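Notes to accompany the following structure.
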């Protein structure tokens, strides 16, 4: 937050987040909204690209959260995505700028995490990644951990962040599926 608030001038600000990083972005936006945006960050938000975001919490965190060892491994953030989701959720805002979501879906490889039962990237389900207001929602057959380094994802993110108007001309999605 301090970095975005401390930028001199009036630069546009874009974010690309992976997994819980998207929750951090949404929480910061929620904090700026709640505080009346004293640093004027919200007017400068340009675009957001979310990679594998647990926008609806994470079923895997809820399931494993009851295990004492889970909190030791996943920490406070893991607990927030699971057992404490309802406490965290009111602090999360929807980005007030064009945003896109890229989610992993291993269904084409018959390799979904059986603990999740739905289309997923082994940690986050496609349904958990959804967030109202996205100008684009794309699934790709990629593991959660590989989303942030996959060349197709990087090309999409770069094009989304730099195109003239993503609401009119969406980036190409090689080997992916655009969902409504």
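Listing for the model above:
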{"read-out": "Residue among 39, 66, 61 that alone is in contact with a helix residue (DSSP H, G or I) (Cβ under 6 Å, 6 or more places away or on another chain) and assigned to a loop (DSSP other than H, G, I, E, B)", "value": "39"}
{"read-out": "Leading residue by the ranking (nearest to residue 159 (Cα to Cα)) among those in segment 103-137 that are touching a residue at least 60 places away in the same chain (Cβ under 8 Å) and not in a loop (DSSP other than H, G, I, E, B)", "value": "129"}
{"read-out": "Single residue of segment 75-100 satisfying the filter (modelled with pLDDT under 80 and surrounded by 20 or more Cβ atoms within 10 Å (Cβ to Cβ)) that is nearest to residue 30 (Cα to Cα)", "value": "81"}
{"read-out": "Some residue of segment 144-166 being touching a strand residue (DSSP E or B) at 6+ places or on another chain (Cβ under 6 Å) and in a loop (DSSP other than H, G, I, E, B)", "value": "no"}
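The values are calculated or read from the model by the stated rules, or taken from the named source; none is laboratory data. Just so it is clear, the structure is predicted and the values come from calculations on it, not from any experiment. Reconstructed Cβ throughout: ideal geometry from the backbone, glycine too, with neighbour counts over all protein chains shown.
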